[in-house]
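The structure under discussion appears below in the form of structure tokens.
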Amino acid sequence: MARSPEVALAMDWGGTWARASVANRQGEILWNCRVANGQGASTEQLIENTEELLRQAIDWCDNRSIAGLGVAIAGPVEAETGTLYGSPNLSALNGVSLRDLWEPTLGFPVLVGNDANLAALGEFQYGAGLEARKQGNPPRTLLYVTVSTGIGGGLVDRGQMFLGASGVAVEVGHMTIDFSSTAPRCQCGNTGCLEALASGTAIAKIARARLASQEVQTSSLATLNAEDTIDSETVFQEAGRGDALALSILEDAVLALSVGLTNLLHLYNPDLIVLGGGVTGGLTELGLLPRINSLMLRRAMSDRHKEFRLVASKLGDSVGMIGAAGLVWGKVGTSEG
Ligand SMILES: [Zn+2]
């Protein structure tokens, strides 16, 4: 009889780095390593780099039996074939099915998913979802939203990822929040998207624009060589010191996030909402998550919709990778059961 697998390989392939790891059934990372994609790398170079990373992971496993490889990738993934398409950050991989490429030679299942969807799965199985189960509050529907350079999200309902017809559902960053004629432009081409109002990129851009106006030269942000050096971290820093402009920029971001999250509350009725990403970290430090929570409660249309908990991510930067491992263990569990 075949041995029950001991480890899963997981990969998180983003716009800058490809990271690989070995994880156990508890979602704990036992080993990890990363390689830079390299600017302007060709499809072949990108794949060669990550194959070397995989070889190192497999070497580390020695004679531990491997359940499979899960890949979390920054871009839309066709669920049936594992083909990446339309990724702005990894465009050299568009049209590539990592499953078809690797499964025949590796000899174990290769499962590919979008990183935000897998982050939701990771939190459901091993992060905030696990913690809630331990506290006697098992989540049914978990919504994960990352507020970082951009804004993305994923949804897990009763253990299953909600993918949509072509795997591009839950694009929470591109909900229209502001449809006025002055709404800021989003990188997706629309105006007034949540991402254009509350992402790290947006916070920095709004800070620079407001500093360029006369009214706010008293702000401590104005002394920081406004044009180039202001990023979202500077805004958080100065808000922490009580700067009125920085605080008002973040208050606008908090309002936009509360409206967006309330829309999601009404659409998906999640009982657990997990916020991740660098901007969430900054908001948490400033004690602003309870404010988002209370604004949502105020807008929610019924008592049922108010039955949610809003928490910060438990898995941090590894959330996508841990979700990728979870995808493998989910598949193994199904075929063994
Ligand atoms: Zn957009």
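Among the residues of the stretch 182-194, how many are closer than 24 Å to L245 by Cβ and open to solvent by 60 Å² or more (accessible area, probe 1.4 Å)?
Going through the stretch 182-194 one residue at a time, the tally reaches 2.
Report yes if some residue within the stretch 313-331 is free of Cβ contacts under 8 Å to residues at least 40 places away in the same chain and among the hydrophobic types (A, V, I, L, M, F, W, C); otherwise report no.
no
What is the residue count in the stretch 4-15 for residues that are loosely packed, with under 14 Cβ neighbours inside 10 Å and under 19 Å from G316 (Cα atoms)? Walk me through how you get there before you give the answer.
Taking the stretch 4-15 as the starting set, the residues that turn out to be loosely packed, with under 14 Cβ neighbours inside 10 Å are 4, 15.
Applying the additional criterion that residues be under 19 Å from G316 (Cα atoms) yields 15.
Looking only at that region, the number is 1.
Can you tell me which of (1) assigned to a strand (DSSP E or B); (2) of a type in the set (S, T, N, Q); (3) free of Cβ contacts under 8 Å to residues at least 60 places away in the same chain is the one Q56 doesn't meet?
So the condition that Q56 fails would be (1).
If I ask for residues that are in contact (Cβ under 8 Å) with a residue 60 or more places away in the chain and either among the basic types (K, R) or open to solvent by 90 Å² or more (accessible area, probe 1.4 Å) (or both), which ones from the stretch 17-52 would you list?
Across the stretch 17-52, the qualifying residues are R19, R25, Q26, N32.
Looking only at the stretch 167-176, decide whether some residue is more than 17 Å from the chain's Cα centre (by Cα), away from the ligand (no atom under 16 Å from the Cβ) and open to solvent by less than 30 Å² (accessible area, probe 1.4 Å).
Taking every residue of the stretch 167-176 in turn, none turns out to be more than 17 Å from the chain's Cα centre (by Cα), away from the ligand (no atom under 16 Å from the Cβ) and open to solvent by less than 30 Å² (accessible area, probe 1.4 Å).
Given L163, L197, which one is away from the ligand (no atom under 15 Å from the Cβ) and either outside any helix (DSSP H, G or I) or crowded, with 24+ Cβ neighbours inside 10 Å (or both)?
None of the other options fit; the residue is L163.
Any chance the stretch 124-135 includes a residue that's more than 23 Å from N24 (Cα to Cα) and not in a loop (DSSP other than H, G, I, E, B)?
The answer is no; no qualifying residue exists.
Output the residues belonging to the stretch 297-312 that are in contact (Cβ under 8 Å) with a residue 24 or more places away in the chain and of a type outside the set (K, R).
A300, M301, H305, E307, F308, L310, V311, A312
Of the numbered conditions (1) more than 17 Å from S248 (Cα to Cα); (2) in contact (Cβ under 8 Å) with a residue 12 or more places away in the chain; (3) within 15 Å of the ligand (Cβ to nearest atom), R185 satisfies every one except a single condition; which is it?
If we test R185 against (1) more than 17 Å from S248 (Cα to Cα); (2) in contact (Cβ under 8 Å) with a residue 12 or more places away in the chain; (3) within 15 Å of the ligand (Cβ to nearest atom), just (2) comes out false.
State which residue pairs qualify: first residue over 14 Å from T284 (Cα atoms) and inside the stretch 239-250, second residue among the acidic types (D, E) and part of a helix (DSSP H, G or I) in any location, beta carbons under 7 Å apart, and separation of 6 or more residues or different chains.
A246/E238
The values are calculated or read from the model by the stated rules, or taken from the named source; none is laboratory data. Values in this document were obtained by computation on a predicted structure and should not be read as measured data. As a convention, Cβ positions derive from the backbone with ideal geometry for all residues, glycine included, and neighbour counts pool all protein chains shown. What goes into the accessible areas is simple: the full protein's heavy atoms, side chains included, and nothing from ligands, DNA or RNA. Shrake-Rupley method; radii C 1.70, N 1.55, O 1.52, S 1.80 Å.
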